[in-house]
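This report refers to the structure that appears directly beneath it.
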Amino acid sequence: MKTVLKKSITFIFTVLLVTFFVFIAFELIPGDAATARLGTNATPEALAKLREELGLTRPFFVRYFSWLASFFFGDMGTSYSYGVSVRSMLAQKLPITLTLTLMSFILTVAVSIPIGLLTSKYEDRAVSTVLDVTGQLTMSVPPFFLGILVTYIFGMILHMFTPGGFVSYNVNFVRFIGYLVFPAISIALPKAAMSTKLLKTSILSERNLDYVRSAYSRGNSTMDVLYKHVLKNAIIPVITFLGMTLADIVAGSLVIEQVFSIPGYGRLLISSIANRDYPVVQAIIAIIAMIVIIINLLVDILYRVLDPRLRDM
Amino acid sequence: MDKLVFKIKKNPELYAGAVITAVMLLVILLGRLFVPYDPDAMNAADKFARPSLAHLMGCDNFGRDLYARLAAGGATTLFIALATVLIGVVFGIIVGAFTGYYGGALDEILMRFNDAVLAFPSILLALVVISIMGSGTFKVIISLGIVFIPSFARIVRSEFLRCKNLDYVRSARLMGAHDLRIMFVHILPNTFPVLLSSTVIGFNNAVLAEASMSFLGIGVQPPSSSLGRMLSDAQAFLFMSPGYAILTGVTIALIILGFSLLGDGLKKNA
């Protein structure tokens, strides 16, 4: 119970800290919302009037908490460039980025756990060396270059998809998923290589512990020991890593969206940074930050569920 | 000879990483010194020229020599990585040394803050800083440098925590050494083995982060070339001239591979 309380306090503290930084960061930029709307030629009277209307004259902390409150209730302001509400802009794009992130994550897990088990089982054989070297090479390829290679090989040579031919989920869902498979591969492969390596290291170090010898001495088969005893313990650091990876995948998809011309959060964020459309930038950063914090919290909880040794700490 | 083979077998990452890094640095250096073309000089006649003796790696869409450009871009990328890691290490050492050595409330606050920052993907943080400051080579260095401080601070802090009550530190204290002297003359050198491998891994991350940012068009601005920027230019001509994108991408991948193997190897040795 004490742990839950402590975790909740840390969680709330982190949310406040992060949102505060996102808020303060965009307060530091010269020029405020009023100048952004009226342009540099506006009269001081018009500016003062708009500032009053927008509530910019209120004290700093009042503005922060009112921004935070409206953010949580879904009011994220109005885009400078398009004049529409940020919420409606983001709502359309959320399924795209979310689907891409989830697909990449599932792929990462689906590839890395079997391969990690395989390579640690045949530790001294050639198979394992080949997989290790391949993994090390894959890890070093930046996702955006992998994306370009995937575009070239699967798109331009094998014609398995049309590069740049993104189909939105509300037009044709099957083709939407079909297109996203390729960017998902580009995000997932390097992450899968890292997680495979970690799983292998973890299994190998667990395998030398006393409890494994005891399990063998009680007459368990190799498979039984590996799956019922070793994997249970060895998977724990991998879960932490996968949790951190999920946060990384969210960030990685920002870059990959650019490579595959996918109109998700990434492209919107980059174009909004270029256009100095700060309400949009602020909202996207705050949303991604929230996602990352929530993922970290979930990983922490999962960690305790999986490892009873940590429960009362 | 046998001794060398034994050493390599014991830590293949270290040697493979050192060789790859050395080769990449040499290739970039040779390109800067001996390629007789200006990396920015356009020449319509050589547009998409195939590799030949005149142009070892061929030319890009403006007829610029690709080897000259890769060498210049690689140099920019490495310079940014070096400057970034330097900022991270120097400020990381200062923050880590004081928080680790003195502890207390300041340590608690800074470390909670550190944890919050570390939980975020570095590219996202760099994007926030860039969107406030604007893009360009020096702004990329500053934004990535700031982002890199917490990870180094944490490493240095834990080393200081480990060392601050060891006998050699106590004896230095008994001899009347000043705190600053104990921190930076006695303890700091003992953190170098751990710090070295994380610095090399930091290089790896910095190259990747810079390349990603320039690829997105919010990092290094033209006419300066950087590998990420070149790759994003090359993507437009992927069908016509795949060699352009592949050579650029492989250069980035090999630099990253070299540093990451070297970092892993050093960690094993430390």
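The values are calculated or read from the model by the stated rules, or taken from the named source; none is laboratory data. Keep in mind the model is a prediction, meaning the values are calculated, not measured. Glycine also receives a Cβ, built like all others from the backbone with ideal geometry; neighbour counts cover every protein chain displayed.
Data overview
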read-out: A:Lys93 modelled with pLDDT under 80, in a helix (DSSP H, G or I) and basic (Lys, Arg); value: no
read-out: Close pairs (8 angstrom Cβ cut-off, 6 or more residues apart or separate chains): assigned by TED's automatic domain parsing to the domain that holds A:Leu68 in region A:276-297, surrounded by fewer than 21 Cβ atoms within 10 Å (Cβ to Cβ) anywhere; value: none
read-out: Filter pass, B:Gly217 being surrounded by fewer than 23 Cβ atoms within 10 Å (Cβ to Cβ) and either more than 12 Å from every other protein chain (Cβ to nearest Cβ) or not acidic (Asp, Glu) (or both); value: yes
read-out: Region A:1-53, subset within 11 Å of another protein chain (Cβ to nearest Cβ) and outside any helix (DSSP H, G or I), residue modelled with the lowest pLDDT; value: A:Pro30
read-out: Region B:7-50 - residue that is at pLDDT 80 or above and hydroxyl-bearing (Ser, Thr, Tyr) and, of those, nearest to B:Ser225 (Cα to Cα); value: B:Thr21
read-out: Qualifying residue in region B:140-159 (condition: of a type outside the set (Val, Ile, Thr), within 12 Å of chain A (Cβ to nearest Cβ) and either crowded, with 20+ Cβ neighbours inside 10 Å or not in a helix (DSSP H, G or I) (or both)); value: yes
read-out: Test: residue in region A:253-260 that is away from every other protein chain (no Cβ under 11 Å), under 18 Å from the mean Cα position of the chain (by Cα), at pLDDT 80 or above and over 20 Å from A:Val111 (Cβ atoms); value: no
read-out: Looking only at region A:153-172, and only at residues there that are surrounded by 13 or more Cβ atoms within 10 Å (Cβ to Cβ), out of contact with any Ser or Thr (no Cβ under 9 Å at 6 or more places or on another chain) and in a helix (DSSP H, G or I), the one that is farthest from the other protein chains (Cβ to nearest Cβ); value: A:Phe154
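Every residue, every condition in (1) buried (at least 21 other Cβ atoms within 10 Å of the Cβ); (2) of a type outside the set (Lys, Arg); (3) away from chain A (no Cβ under 14 Å); (4) without any contact (Cβ under 8 Å) to a residue 60 or more places away in the chain, yes or no:
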{"site": "B:Val169", "(1), (2), (3), (4)": "no, yes, yes, yes"}
{"site": "B:Gly176", "(1), (2), (3), (4)": "no, yes, yes, yes"}
{"site": "B:Leu188", "(1), (2), (3), (4)": "no, yes, yes, no"}
{"site": "B:Val194", "(1), (2), (3), (4)": "no, yes, yes, no"}
{"site": "B:Leu208", "(1), (2), (3), (4)": "yes, yes, no, yes"}
{"site": "B:Pro223", "(1), (2), (3), (4)": "no, yes, yes, no"}
{"site": "B:Gln235", "(1), (2), (3), (4)": "yes, yes, no, yes"}
{"site": "B:Met240", "(1), (2), (3), (4)": "no, yes, no, no"}
{"site": "B:Gly249", "(1), (2), (3), (4)": "yes, yes, no, yes"}
